[in-house]
Each structure stands twice: as structure tokens, then as C-alpha cells.
1. Need a quick list: helices (runs of 4 or more DSSP H) entirely within segment 73-191 having at least 3 residues that are more than 14 Å from the ligand (Cβ to nearest atom) and either modelled with pLDDT under 95 or more than 17 Å from the chain's Cα centre (by Cα) (or both).
2. When you scan segment 56-67, do you find a residue that is of a type in the set (Gly, Ala, Ser) and surrounded by 20 or more Cβ atoms within 10 Å (Cβ to Cβ), even just one?
3. Hey, any hits in segment 9-19 for a residue that's surrounded by fewer than 21 Cβ atoms within 10 Å (Cβ to Cβ), more than 10 Å from the ligand (Cβ to nearest atom) and at pLDDT 95 or above?
4. Which of (1) in contact (Cβ under 8 Å) with a residue 40 or more places away in the chain; (2) in the same structural domain as residue 120 (by TED's automatic domain parsing); (3) not hydrophobic (A, V, I, L, M, F, W, C) does residue 58 not meet, given it meets every other one?
5. For the subset of segment 55-72 comprising residues that are more than 13 Å from residue 13 (Cα to Cα) and in contact with a helix residue (DSSP H, G or I) (Cβ under 9 Å, 6 or more places away or on another chain), which member is nearest to the ligand (Cβ to nearest atom)?
6. Any residue at all in segment 259-269 that is part of a helix (DSSP H, G or I) and closer than 23 Å to residue 128 by Cβ?
7. Got at least one residue in segment 21-39 being without any contact (Cβ under 8 Å) to a residue 40 or more places away in the chain, over 21 Å from the mean Cα position of the chain (by Cα) and within 11 Å of the ligand (Cβ to nearest atom)?
8. State whether the residues of segment 208-217 include one that is out of contact with any helix residue (DSSP H, G or I) (no Cβ under 7 Å at 6 or more places or on another chain), buried (at least 16 other Cβ atoms within 10 Å of the Cβ) and not assigned by TED's automatic domain parsing to the domain that holds residue 29.
Amino acid sequence: MTGQDALPPILLVGGGKMGSAMLTGWRELGVSRVVVIDPAPEAASLAGPSVTVASGPEGLPADFHPAAIVLAIKPQLAAVLVPAYSGLAKGAVCLSIMAGQTIAKLTSLLHSGAVVRAMPNTPAAVRQGFSVACAGPGVDAAGRGLCDRLLGAVGQVAWVEAEALLDPVTAISGGGPAYVFLLAELLEQAGVELGLPGELARAMARATVAGSGALLAASSEDAAVLRRNVTSPAGTTERALAVLMAPDAWPAAVRAAMAAAAARSRELAG
Ligand SMILES: NC(=O)c1ccc[n+]([C@@H]2O[C@H](COP(=O)([O-])OP(=O)(O)OC[C@H]3O[C@@H](n4cnc5c(N)ncnc54)[C@H](OP(=O)(O)O)[C@@H]3O)[C@@H](O)[C@H]2O)c1
């Protein structure tokens, strides 16, 4: 528990990977009342002290007036599902973590301008997430502060003024864990191809990615300095980096991949 008061009543729509990770963080801050809407049978396990689960908006208690409505459903369901919550949106701030769903679209679906759009990432599940948030014009200081607490329960939070920045954010920190996990996969595969037993290659790849992340988190040095610290002149790492850092290798591939992801985020936003 922090020194702050328990969180005010929250409606969580979508108790999947991201929704349930956020709920876990909120529980640690202390919740007064959370209603989770999710039809998946496994969502029932999210219920507990001060947390109830319903399969749809018809299961909302009549006396429930949330201070925040958190939208953690798949983006393609937004147009169909979100209008059902417009009655509760008056007097609440809406925090959407859906990729590509703009503040303008959510404002029109909810008939409320108090919309914060944010992009978290999956390390939120271990409270090491990074969320970038953007507040719509109808969000007051209290609404922004509440969203900051809701996102901050699962990691760091940064705010941007320009909503368009959420496209590169989605590419880099939103999808970023996938690229890091890909690196673990590729290191494991390469280890096996070089003759290491599969289990050892897997353990090495996982621990190397996780340990490097922990070192980066614990250090104030630039990533480039930590990289150079591993690189002896004319050594083995230098030989590998010469392949990876060739201009047409990782520098070009990562730039192209991030541009593709940001473009897809813009496409989703229509
Ligand atoms: N995963 C990420 O890396 C990530 C990062 C940043 C943002 N996001 C955003 O977070 C959102 C959720 O992603 P996720 O990975 O948590 O997806 P997810 O695990 O599929 O969670 C979505 C949940 O919504 C449920 N749902 C389906 N219909 C519903 C309804 N009518 N009412 C309420 N809930 C319903 C789903 O149930 P069923 O499984 O039964 O369909 C599921 O439990 C997405 O909009 C995504 O863009 C995800």
C-alpha cells in the first residue's frame, strides 16, 4: 500500500492479459470497488475482496458509479461494446489502452470528452511496464491524476500532449517486448545450431535477455556504454557486433520495422 487513499470505484471492461495485470497493480494500491466486465469464463477468477465480475453491462450493479472506466478490450470490439457504457461516462474519466482507437472516436462512442488514451506494455504483468498517456480536451486535473495512478500501479508513466505520438510509442514500447522476446528466441536457436544442448541454449538465452534488462534498469549509463563494456577490442563480441551493426543489418531493419509498426498504428486509427 502507498501513503495515498484507496483507489475510487473503477469499471474495468476487459479482464484479459492487460486488464488483469492492471487489476493486480490496483489491488496492491488498495481498491474501494472494482467491477470487471468480461464474458470469458476464466475472468470469474478475478473476483475477490472489493472486486466483482460480470459477463456484460447488464450485470452492472445499479448503485455503481465509477470514477474511471478502463477500456482493455480488443480494439476491433470498441465500436460495438463501448456505447453501452456511455451512461456511466458522465462524471467519470475513461482510460483506454486500446491500440489505434483515437480520443475523438472514443469521445463520440461515449458522448464524453473525458478520455485518456494510453499505451502500456506487457511487463505491466510484473509491474515493470511503461505506459505513455495522452489526455483529451475534456480531462480535468483530477481525471488525469487518477489515470496516472491507475497506469502507475503497473510501472512508469509518461504523458504526451500530441496524440499522434502514440503511433511511434505503440511501435517502440507497446510492441517492444515482442522484439526482445524474439531476440531470446533467435539466440536460443543460434545456440542450438552451434552445438549447445537445447535446454542449455534456452536457459542461456532467457537469462541473458532478462539479466541484461535488469542491468540496464539498474544502471544510469547509456545502453551504448553498457554495450561497449562487453566489447573487448578484436574480441568475439566485436566480431558479432560488426555483423549486427552493419548499416544494412540491425540499424536498417529496426528502423524499417518501427516505421512499419507506427504506420500500422496510424492505419488502425483510420
Ligand atoms: N498485449 C499487449 O501487448 C498490449 C499492449 C498495449 C495495449 N494493449 C491493448 O490492450 C487491449 C487488451 O489487450 P490484451 O492483450 O489484454 O487482450 P486480451 O487478453 O484478449 O483481453 C481482452 C479481454 O476482453 C474480453 N472480452 C471479449 N469480449 C468482451 C466483452 N463483450 N466485454 C468485455 N470484455 C470482453 C476478452 O475475452 P475473450 O478472451 O473471451 O475474447 C479478453 O478477456 C487491446 O485493445 C490492446 O490493443 C495490449
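The values are calculated or read from the model by the stated rules, or taken from the named source; none is laboratory data. All figures in this text were calculated on a predicted structure; none of them were measured in a lab. So basically every Cβ, Gly included, is an ideal-geometry build from the backbone, and we count neighbours across all protein chains shown.
1. In segment 73-191, 86-89, 103-110, 141-152 are the helices (runs of 4 or more DSSP H) which contain 3 or more residues that are more than 14 Å from the ligand (Cβ to nearest atom) and either modelled with pLDDT under 95 or more than 17 Å from the chain's Cα centre (by Cα) (or both).
2. Checked against the condition, which is being of a type in the set (Gly, Ala, Ser) and surrounded by 20 or more Cβ atoms within 10 Å (Cβ to Cβ), segment 56-67 yields no hits at all.
3. For segment 9-19, residues surrounded by fewer than 21 Cβ atoms within 10 Å (Cβ to Cβ), more than 10 Å from the ligand (Cβ to nearest atom) and at pLDDT 95 or above: present.
4. With (1) in contact (Cβ under 8 Å) with a residue 40 or more places away in the chain; (2) in the same structural domain as residue 120 (by TED's automatic domain parsing); (3) not hydrophobic (A, V, I, L, M, F, W, C) applied to residue 58, the lone miss is (1).
5. Ranking the qualifying residues of segment 55-72, first place goes to 64.
6. Checked segment 259-269: at least one residue is part of a helix (DSSP H, G or I) and closer than 23 Å to residue 128 by Cβ.
7. Checked against the condition, which is being without any contact (Cβ under 8 Å) to a residue 40 or more places away in the chain, over 21 Å from the mean Cα position of the chain (by Cα) and within 11 Å of the ligand (Cβ to nearest atom), segment 21-39 yields at least one hit.
8. Within segment 208-217, one or more residues are out of contact with any helix residue (DSSP H, G or I) (no Cβ under 7 Å at 6 or more places or on another chain), buried (at least 16 other Cβ atoms within 10 Å of the Cβ) and not assigned by TED's automatic domain parsing to the domain that holds residue 29.
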